[in-house]
Amino acid sequence: MNDTHPQPSTQQQPNTQQQVDFIKQLKTTFEKMPHDIDLLLFTQKGKEDAFAEGSRQIVRAFRELTSRIRLREFGLDHKMAAKYQVEHAPTLLIAPDRYGIRWLGAPLGEEARTFLETILMVGTGMSGLSEQSRKVIAKIDSERLIKVFVSPSCPYCPQQAVNAVRAVIEKPDLISLEIIDIQSQPEIAHQYSAHSVPQAFANDVLIGMGAQPEEVFALSLSRLEPQTVFIPDSDAELVETDLLIIGGGPAGLTAGIYAVRSGLKTAIVERNVLGGQVATTPIVENYPGFTQVGGKTLVDIMVTHALEYVQIFPGEEVIDVVPGKPFEVTTGRRRFKSKTILLATGANHKHLNAPGEKRLSGRGVSYCSTCDGPLFKGRNVVIVGGGNSAVTEALYLHHMGVGVTLIHRRDSLRAQEFLVKQLTFSGIPILWNTEITEITGKERVESISLKNTRTGETSFLAVDGVFLSIGYEPSVELARKAGVALTPDGFIQKDAKHRTNIPGIYSAGDVEGGYKQIVTAAGQGAEAAMAIFEDMINPYWQKS
């Protein structure tokens, strides 16, 4: 989606006044909480641990905002460790006399968001679950021990971890939780073959791989098996809009800003992390105004800007789109009636479709080096692909201390020359004219079968992980469901004003094809929003 390489960057700092206002609001919220929060940190005496120090620092930062948080620290040999059955260091217990929530590792990086939301929920005693989710959790009548594997570098993890925390707060008598940092506790991750994050287990049964919408997570927890769809009750909340944007990437966020500024009542629905692919891009170097900026930092800036204008519903998956006047859209949490719809659903990672890929997905097969790379430090992996993204991810993993080999089915890379030079300079080996024909392993990836595309020669390579970066395919499931026409290549078919064949439905971003760049996606979102505004004033579909 963008041209990148993993070097340190100078990232834009949040607006100072926004920081001041946020801290002031936090202090007020903390003081109004009905419950104090006791934190117990268990560490290994005599052992310097960056994760233990990380926990101390983040708790210290919160304690500077309020006196309602108390921290006590014990060694694993202390009687308190025996009382709470703590076996790993560092472990942070959060309000252990009221809730079964423990953190194995430290709430650093992206997980600081999870920690903040957890503290607020524990302090207020309110889960914040939707009514739909509450109904599902209320039916659970036996114990559930949830384990959520996370990484500080994973932007998808907070959504899944917070889902689990909400369930504990809602039903503390039966539901407990362990948030497990794969960098701090790699042996536990290996035990569960959790080689990608987030992954959620309940009673040692896998119930979710990747971030799930809240209601889907609740249903998976209740049934103790992964669920993919949640159908809300017919009395779900109704929201009426002029424009409903489906997708919260650069195209959708930009469209939301332009639409509201034009006077349209607008909402954005996003099933996964806001920002789409950009959120997992290590460094962005080609977005105007930034010499270098972290992908997640750029997303945060975009989201903060968009929130000044448009209402965003994150973590909600659209289940159905019914054309009409107005359109009716159903998510797992509510219903929308909207005069127009913008499909900014982006694109999904392409798959090799090689034997073993699906079975070992999350067990050594990964599509996100930012999320899963830390678990492979000191181990050997392959990156499959030949474009900018593949080379960027290979460099990112290499600089992280992972042994990387690049596999490409052709004899030259499609990546920009600057990136190729970085690859050569780093000494990363490349297997040219090579394809993976099978990924093998019993519980996790152990080896791959290879075939030379020119000679037909076959070989085997022992590896611990396979990272796939072979491009994207458009996310057009909703478009198909609504009857939107597609191009022969599978992208949404549209005219110069982003109109589809169905009057009132528009598209923007990667789902349209073309250049997969952040700046073009944002531009298409702006164009589509302005076209929608003009069409609502003078509907082209009403002309004879």
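What follows draws every value from the coordinates through simple rules; no lab data is involved. Every value quoted in this text rests on a predicted model; they were computed, and no experiment measured them. Positions of Cβ are generated from backbone atoms using ideal geometry, with glycine treated the same way; all protein chains shown enter the neighbour counts.
If you plug each phi of the stretch 66-76 into the Karplus form 6.51 cos²θ - 1.76 cosθ + 1.60 with θ = phi - 60°, what whole-Hz ³J(HN,Hα) values come out, in order, with x for Gly and Pro?
Result, rounded to whole Hz: 7, 8, 7, 9, 10, 10, 10, 10, 9, x, 5.
Roughly how big is the chain's charge dipole about its Cα centre, with Cβ charges of +1 (Lys, Arg) and -1 (Asp, Glu), in debye to the nearest 20?
Here the chain has a charge dipole of around 180 debye.
Calculate how many DSSP beta bridges within the stretch 365-468 are antiparallel, expressed in % of all such bridges and rounded to the nearest 5.
Percentage antiparallel, nearest 5: 45.
Students often get this wrong: which residues of the stretch 285-300 have the backbone nitrogen under 19 Å from the point 7 angstrom along Cα-to-C-beta of GLN19?
293-294, 296-300
Determine the distance separating the Cα centre of the stretch 434-476 from the Cα centre of the stretch 122-151; give it in Å without decimals.
Cα centroid to Cα centroid, the span is 38 Å.
Roughly what % antiparallel, to the nearest 5, for the DSSP beta bridges in the stretch 23-168?
Taking every DSSP beta bridge with both residues in the stretch 23-168, the antiparallel ones total about 55 percent.
Residues in the stretch 145-175, backbone N under 20 Å from the label point at HIS190 (7 Å along the Cα-to-beta-carbon vector): list them, ranges by number please.
In the stretch 145-175, the label zone of HIS190 (backbone N under 20 Å from the point 7 Å along Cα→Cβ) covers 148-152.
Can you match semi-axes √(5λ) of the Cα gyration tensor in Å to one of these, (i) 55, 26, 22; (ii) 38, 25, 23; (iii) 36, 32, 22, based on a calculation from the structure here?
Recomputing semi-axes √(5λ) of the Cα gyration tensor in Å here picks out (iii).
At what distance in angstrom do the alpha carbon centres of the stretch 293-344 and the stretch 498-544 lie from each other?
Comparing the Cα centres of the stretch 293-344 and the stretch 498-544, I get a distance of 15 Å.
Put a dot 7 Å past each Cα toward the Cβ at ASN286 and THR487; how far apart are the dots in nm?
Computed distance between label sites THR487 and ASN286 equals 1.8 nm.
Using every alpha carbon pair in the stretch 365-468, what percent of pairs falls into each 5 Å bin from 0 up to the bin containing the largest distance?
3, 13, 26, 24, 20, 11, 3, 0
Going by amide H atoms built from the backbone, whose H comes under 5 Å of the H on ARG363, apart from near neighbours?
HIS195
If you find the alpha carbon centre of the stretch 359-393 and of the stretch 24-39, how far apart are they in angstrom?
40 Å
Counting only helical runs of four or more DSSP H residues, what would the 222 nm mean residue ellipticity of the chain come to if each run contributes -39,500 (n - 2.57) and the total is spread over all its residues?
That calculation yields -9500 deg cm²/dmol at 222 nm.
Which percentage, to the nearest 5, of the DSSP beta bridges contained in the chain is antiparallel?
45 percent
Say each of GLN85 and GLU225 gets a label point 7 Å from the Cα, pointing the same way as Cα to Cβ; how far apart are those two points in nm?
With each label point 7 Å from Cα toward Cβ, the separation is 2.7 nm.
What FRET efficiency, computed as 1/(1 + (r/R0)^6) with R0 = 25 Å and r the Cβ-Cβ distance, is obtained for HIS399 and TYR515, rounded to the nearest 0.05?
Rounded to the nearest 0.05, the efficiency is 0.35.
Please compute the modelled spin-label separation between GLN542 and GLU473, points set 7 Å along Cα→Cβ, answer in nm with one decimal.
4.1 nm
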